[in-house]
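Beneath this line is the structure, given in structure tokens, with notes to follow.
The values are calculated or read from the model by the stated rules, or taken from the named source; none is laboratory data. Source: prediction; values computed, not measured. Reconstructed Cβ throughout: ideal geometry from the backbone, glycine too, with neighbour counts over all protein chains shown.
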Amino acid sequence: MPLLPGTVGLAGLLFWAGQAANALMMRNATPAPARPESTAVRLPSGLGVPRYRRRRHISVRDMNALLDYHNHIRASVYPPAANMEYMVWDKRLARAAEAWATQCIWAHGPSQLMRYVGQNLSIHSGQYRSAVDLMKSWSAEKRHYLFPAPRDCNPHCPWHCDGPTCSHYTQMVWASSNRLGCAIHTCGSISVWGNTWHRAAYLVCNYAIKRINKITGWWQLAALTAFLVDWLLVALLLL
């Protein structure tokens, strides 16, 4: 039986909407947790990443706490995300974090690695409490960020050095940053903003892929995906 013109038009429209919904839902869909070593980030050689390590600068307990906290924050974004990927541990990123943390330099680095990965830093002088406590200042920046970021919360010098910061938070919830590697090192002394801190717990976290340094929407709206699915169901009922 030949299709009526109206039926053909509706079928074409349904096909387009289906493709659009599929693109939103599948392009950066959350994968099932996989073994990090099987999908490790490919970093160029010669970036100060040691091939072997003598001792671990982070306990298994802290590693799990860091990873679980990141995935909790990522799952809690609002509006809900349709493309937020599940974050897993990456050993090579962790080795790079170890190599930098042991230098006890309060700055992002090494510079050649920063071209390829994102990095968050935190430091606490005094009695070490927990890895999660070291990260709370990052997630607290959420109060300065409003999707899709109509105001600037990413100060940059020399033109805009002051103001609220949200770049640590946005790195945590960058949808396609699905690899994490961190290290915690106790520095006997470290210079922090011109002052010398003693016995400071220094946390370095590396991320792949790197957050793009611009103010934009960090994740796709789950509501838009849901709208397309609902529209398809209504259209099918009208056939």
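Across the stretch 62-98, what is the total count of residues that are of a type outside the set (Asp, Glu), in contact (Cβ under 8 Å) with a residue 60 or more places away in the chain and part of a helix (DSSP H, G or I)? Please lay out each step first, then the result.
First pass over the stretch 62-98, keeping only residues of a type outside the set (Asp, Glu): 63-67, 69-84, 86-89, 91-97.
Restricting the remaining residues to those that are in contact (Cβ under 8 Å) with a residue 60 or more places away in the chain gives 63, 65-67, 69-70, 73-74, 77-84, 86-89, 91-97.
From the residues that got through so far, the ones that are part of a helix (DSSP H, G or I) too are 63, 65-67, 69-70, 73-74, 91-97.
Within the stretch 62-98, residues that are of a type outside the set (Asp, Glu), in contact (Cβ under 8 Å) with a residue 60 or more places away in the chain and part of a helix (DSSP H, G or I) number 15.
How many of the residues making up the stretch 171-210 are in contact (Cβ under 8 Å) with a residue 40 or more places away in the chain, of a type outside the set (Lys, Arg) and part of a strand (DSSP E or B)? Outline the logic, then answer.
Within the stretch 171-210, the first condition is being in contact (Cβ under 8 Å) with a residue 40 or more places away in the chain, and the residues that meet it are 171-193, 197-210.
Then keep just the ones that are of a type outside the set (Lys, Arg); that gives 171-178, 180-193, 197-198, 200-209.
Subset that is part of a strand (DSSP E or B): 180-192, 197-198, 200-208.
Residues flagged as in contact (Cβ under 8 Å) with a residue 40 or more places away in the chain, of a type outside the set (Lys, Arg) and part of a strand (DSSP E or B) within the stretch 171-210 amount to 24.
Among the numbered conditions (1) surrounded by 14 or more Cβ atoms within 10 Å (Cβ to Cβ); (2) among the small types (Gly, Ala, Ser); (3) modelled with pLDDT under 70, tell me where ALA200 comes up short.
(3)
If a residue has to be touching a residue at least 24 places away in the same chain (Cβ under 8 Å) and either surrounded by fewer than 20 Cβ atoms within 10 Å (Cβ to Cβ) or among the β-branched types (Val, Ile, Thr) (or both) to count, how many in the stretch 100-113 make the cut? If you could, list the steps in order and put the result at the bottom.
Step one: of the stretch 100-113, the residues touching a residue at least 24 places away in the same chain (Cβ under 8 Å) are 100-102, 104-106, 110, 112-113.
Adding the requirement that they be either surrounded by fewer than 20 Cβ atoms within 10 Å (Cβ to Cβ) or among the β-branched types (Val, Ile, Thr) (or both) leaves 102, 104-106, 110, 112.
Count: 6.
Given the conditions (1) farther than 13 Å from TYR207 by Cα; (2) crowded, with 18+ Cβ neighbours inside 10 Å, and given that ASP68 satisfies all but one, which numbered condition is not satisfied?
(2)
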